[in-house]
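The values are calculated or read from the model by the stated rules, or taken from the named source; none is laboratory data. All figures in this text were calculated on a predicted structure; none of them were measured in a lab. Here Cβ is always computed from backbone atoms with ideal geometry, including for glycine, and neighbour counts include all displayed protein chains.
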Amino acid sequence: MLVADFVRLLEEHSGCKANLIPALLPDMDVPCAYANIEKARRLFDFHPTVTIREGVNSFWQWYRCEGAEKKAFASHAWGGWCG
């Protein structure tokens, strides 16, 4: 999943448009990366069952109940709380 796709999921849940600033990839950064969970499968019998979309939805439900009541969403990322 691209970072932009992940941000879109957060935008859908928040109802806010992210205030993204385009930038070049730093020279030391990798253009893409992949998670390898084979060791976790082998050692812990780990088999993920939650999709990224489901995980973001669960996070957002938790955040609305826990985080939003205590503190507005980070204004530098979302342009202030708009929910």
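If I go through segment 22-39 residue by residue, how many of them are under 17 Å from LEU2 (Cβ atoms) and among the β-branched types (Val, Ile, Thr)?
Result for segment 22-39: 1.
How many residues are assigned to a loop (DSSP other than H, G, I, E, B), surrounded by 10 or more Cβ atoms within 10 Å (Cβ to Cβ) and at pLDDT 90 or above if we restrict to segment 19-40? Explain how you work it out, then say what you get.
Residues of segment 19-40 that are assigned to a loop (DSSP other than H, G, I, E, B), as a first pass: 19-37.
With the extra rule that they be surrounded by 10 or more Cβ atoms within 10 Å (Cβ to Cβ), the set shrinks to 19-20, 37.
From the residues that got through so far, the ones that are at pLDDT 90 or above too are 37.
Summing the residues that are assigned to a loop (DSSP other than H, G, I, E, B), surrounded by 10 or more Cβ atoms within 10 Å (Cβ to Cβ) and at pLDDT 90 or above in segment 19-40 gives 1.
Going by the structure shown, is ALA68 under 15 Å from LEU10 (Cβ atoms), at pLDDT below 55 and of a type in the set (A, V, I, L, M)?
Numbers: under 15 Å from LEU10 (Cβ atoms): yes; at pLDDT below 55: no; of a type in the set (A, V, I, L, M): yes.
Here the answer is no, as ALA68 does not meet what is asked.
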